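Read the structure below first, then the notes.
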Amino acid sequence: GDYIKWYPDMSQVKSALTVCAWIKKQLTGVHRSWFSYIIRQYTHDILISDAGRYNFIHNDRLDVSSSVSVPLNTWTLQCNSWSASSRIHKVYYNGTLVGSETVSSAPLKQGGFILLGHDGGSQDTVEIFGGQMTRLNVFSKELSTAEITEMYNGGRCSVEAEKKLQEVRYITWESILTQTRTGNVKEVDAGCPAQEEEEKPGDECQCLRDHTACGTFCSKKRTSTKP
């Protein structure tokens, strides 16, 4: 397969987190999963698909597919948030809250792996992502609606919202870029303008694209590798 997989320290997000990424859906189907955090097979500690069908926290699914329309080849900001204190799992598309549910307040289990580009607990080909992604961050708090809306309004090439949230940006896009890539993960141009050197965290959005799984990953480089 084609994916990025690693075993992160999730201790700083065990009681609260928000996962956000700009996603470009490129394959039809509602099960195509771009983010998963798995402790053991068939248990979805976190699972997010690109069209609203899969939004799992603590193996509880929130299906918002009837509330969202995700066109192909269009960038969408997708966020999932949760905290033990609120016990609420929330799903946002393009800065708008589209669904929520009450879930467990238990701490997130430790010792699992993150897999980008597929449901980490499945081998089903209908769950292969096959699109592009950029600016994926895992924050160590339950972001507010206002914070997520500001991120969306800034656009996928902006790093201003990330700067404001730097203290809680726990798993960063920059760190994800250093992880080992398996299979046919390619870099493509994300179409973001070059920024000044002090804006390096966003830079020009060089991207990785996996034709069958992962997607677009921005880096600081100013060149791109085409498939």
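Annotations for the structure displayed:
- Top-ranked residue in region 1-50 [being open to solvent by less than 10 Å² (accessible area, probe 1.4 Å) and among the acidic types (Asp, Glu); ranked as nearest to Glu174 (Cα to Cα)]: Asp50
- Which numbered condition Ala190 fails, given (1) at pLDDT below 90; (2) under 14 Å from the mean Cα position of the chain (by Cα): (2)
- Selection status of Ile88, within 14 Å of the chain's Cα centre (by Cα), at pLDDT 95 or above and among the β-branched types (Val, Ile, Thr): no
- If you go through region 163-194 and keep only what is of a type in the set (Phe, Trp, Tyr) and either farther than 19 Å from Glu142 by Cβ or without any contact (Cβ under 8 Å) to a residue 12 or more places away in the chain (or both), you end up with just Trp173.
- Of residues in region 51-68 being among the polar types (S, T, N, Q) and at pLDDT 95 or above, the one most open to solvent (accessible area, probe 1.4 Å): Ser66
- Subset tally (residues that are open to solvent by 20 Å² or more (accessible area, probe 1.4 Å) and in a loop (DSSP other than H, G, I, E, B)) for region 136-154: 4
- Any hit, region 128-142, residues being in contact with a strand residue (DSSP E or B) (Cβ under 8 Å, 6 or more places away or on another chain) and on the phi > 0 side of the Ramachandran plot: yes
- Of all the numbered requirements in (1) within 24 Å of Gly52 (Cα to Cα); (2) open to solvent by 50 Å² or more (accessible area, probe 1.4 Å); (3) of a type in the set (Asp, Glu); (4) at pLDDT below 95, Glu160 misses one, and that requirement is (1).
- Count of region 83-101 residues, restricted to those that are more than 20 Å from Ser65 (Cβ to Cβ) and open to solvent by 20 Å² or more (accessible area, probe 1.4 Å), is 4.
- Members of region 45-85 that are among the polar types (S, T, N, Q), more than 19 Å from Ser104 (Cα to Cα) and not in a strand (DSSP E or B): Ser65, Ser66, Ser67, Ser69, Asn73, Thr74
- For the residues Gln110, Gln123, the requirement of being surrounded by fewer than 22 Cβ atoms within 10 Å (Cβ to Cβ), part of a loop (DSSP other than H, G, I, E, B) and out of contact with any helix residue (DSSP H, G or I) (no Cβ under 9 Å at 6 or more places or on another chain) singles out Gln123.
- Failed condition for Ser105, given (1) open to solvent by less than 60 Å² (accessible area, probe 1.4 Å); (2) under 17 Å from Asp45 (Cβ atoms); (3) in contact with a strand residue (DSSP E or B) (Cβ under 8 Å, 6 or more places away or on another chain); (4) not β-branched (Val, Ile, Thr): (3)
- Scanning region 7-26 for residues that are small (Gly, Ala, Ser) and part of a helix (DSSP H, G or I) returns a single hit, Ser11.
The values are calculated or read from the model by the stated rules, or taken from the named source; none is laboratory data. This is a predicted model, so every value here is computed, not measured. Using ideal geometry, Cβ is built from the backbone for each residue, glycine included, and neighbour counts are taken over all protein chains shown. Accessible surface areas use protein heavy atoms only, side chains included; no ligands, DNA or RNA. Shrake-Rupley method; radii C 1.70, N 1.55, O 1.52, S 1.80 Å.
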